[in-house]
Amino acid sequence: MEFPAMQKADALDFFSEYGKMIYNPTGIFYWTGRSKDEAKINATIGTAIGRGKQIQEDWGDAKITMCIPSMKQYFPQLNPNEIFPYAPEAGVPAFRQAWQNWLLRKAGSHAERLKRQLLQPVVVPGITGAISVCTRMFVDPGAPIIVPDKRWENYDNIFLRNVGVTIEEFPAFAGQDFNLDGFIGAIQRVWEKQNRAVAMLNFPNNPTGYCPPKKAAAEITQAIQDLVKSTSKKLVLIFDDAYEGYVYDADAEFYSTFYGMEPQANFLPVKLDGISKELLWYGARIGMINIACPDAWFEKAGKDELAKEIDNKFRGVVRNTVSNCSMNAQQAALKALQDIDQVLKERQKTYDVLAERYHIMKAELAKIKTDLLIPDPFQGGFFCFVNLNPKAGLKAFDVCDHLLKQYKCGTVPIEQGEINGIRLAFCGVEAQDIPELCQSLEKAVLDLVS
């Protein structure tokens, strides 16, 4: 990216090599900005948007960021010591324990094992912060991290430009299924060059909304367990669980595949999650790093001592980057977790709205007649992804531009390598507008090929 004004002013000479190199790609925010001004249907941003009355009857018809109403009541309950002090580097202890309890509640039959293996979660500034910290902690500069070709665009900003690692990618899909062979192959390619591989999976996926069916999830888990048992090579498998629990297909795995991954002496599963989606509190910027350690580690070194030393390392990286995370956000979230049944009851309203939109989106995409648009499989999350058939000869950017100008529908193009398609964020589109969105997308493509 060029910075002509800085070059003319000779301002770049005052910056380090990192300062000269770093930039914020236009990407999603370019299309979101345009859509705010130009679109009547905005399917660009990954935030659940709805009418106030869909959350609480007396909130009226105005558009709002969907939330959990009772969260507001916790703020007046905070005392000065829960608002004004610094938080500990790794997070407020009671909040860390409450979050771990929440994970164990979701873990089902794996809870007893995980109760033994989980370390206390480390609190970081959102899942973006968690990805950045974990990349620094597990991937050497210049070494690869394994991710699918269809991924959140900010991964590349974090990996390539901020942390300075490389990307080993694999095609996300084999037909309508997760490309398990491609994923395993990518791990093996990295192992050919080094002793430790680091990979990241994201279900439900951004941008596709893919979440593995239960059978596929079991196959993924079994394949990873078999793989690590067949070698002495090491694997760190990071789960970006930003959208955990937002699954609308009864045949899909509802919770993270992390829970079923049993740590081994050479296998470390790491779960990244947070309150942005789980408590619908995007602005709090509270994320968690959850590490499940193999029993063999504890047998050799003792759990308490090992946990202290690993915690110390993560405290170090938090302290020398962001110092600590919001005290009052953690304290308010703690109160919510202590009343989790009520929180889940209120969150269900948002889930139901998103589930309705999901089913309408599936039905409307199925009505598209042209073979120039090919939807990826999707079972949950906030998005879906529609590929442009290569025979159309179209670029996603041009389609989205025409779709916005001619039909007033805001979407996000993704052009990267062989990926050429359009992300639709149904989380921000009202149910009655989804048919028009899909019809307009089809019209826009046909306009450009005619």
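Please treat every number below as a calculation from the coordinates, not as lab data. Computed from a predicted model, the values in this text were never measured in an experiment. As a convention, Cβ positions derive from the backbone with ideal geometry for all residues, glycine included, and neighbour counts pool all protein chains shown.
Close amide H pairs (under 5 Å, H built 1.01 Å from N) link LEU373 with ASN389, residues at least 5 positions away or on another chain.
Expressed in Å, the radius of gyration and Dmax of the Cα atoms of the stretch 76-340 are 17.9, 56.
Simple rule: put +1 on each Lys or Arg Cβ and -1 on each Asp or Glu Cβ in the chain, find the dipole, and look at ILE368, LEU441, LEU118; the Cα lying farthest toward the positive end is LEU118.
Computed over the stretch 304-450, the percent of Cα pairs more than 23 Å apart is 54.
Taken one residue at a time, the phi angles of the stretch 194-199 give Karplus couplings (6.51, -1.76, 1.60, θ = phi - 60°) of 7, 7, 10, 10, 10, 10 Hz. Gly and Pro are set to x. In debye to the nearest 20, how big a dipole does the stretch 76-340 give about its Cα centre with +1 on each Lys and Arg Cβ and -1 on each Asp and Glu Cβ? Computed charge dipole of the stretch 76-340: roughly 600 debye.
Rg then Dmax, both in Å and based on the Cα atoms of the stretch 181-250: 13.4, 41.
So how far, in whole Å, is the C-alpha centre of the stretch 64-141 from the one of the stretch 357-426? Going from one Cα centre to the other spans 34 Å. Given a cut-off of 30 Å, what percent of all Cα-Cα pairs of the chain lie beyond it? Pairs farther apart than 30 Å: 47 percent.
Of all DSSP beta bridges confined to the chain, the antiparallel ones make up roughly 60%.
Here's how it looks for GLN379: its modeled amide H is under 5 Å from those of TYR210, CYS211, which are all 5 or more places away or on a different chain.
Placing unit charges on each Cβ (+1 for Lys and Arg, -1 for Asp and Glu) gives the stretch 296-450 a dipole about its Cα centre, and among SER450, ASN387, ASN328 the Cα reaching farthest toward its positive end belongs to ASN328.
In units of the rule-of-thumb radius 2.2 N^0.38 Å, the stretch 31-78 shows an alpha carbon radius of gyration of 1.46.
Placing unit charges on the Cβ atoms only, positive for Lys and Arg and negative for Asp and Glu, gives the chain a dipole magnitude near 600 debye about its Cα centre.
In terms of packing, defined here as the mean over residues of other Cβ atoms within 10 angstrom, the peptides 420-433, 314-327 line up highest first as 420-433, 314-327.
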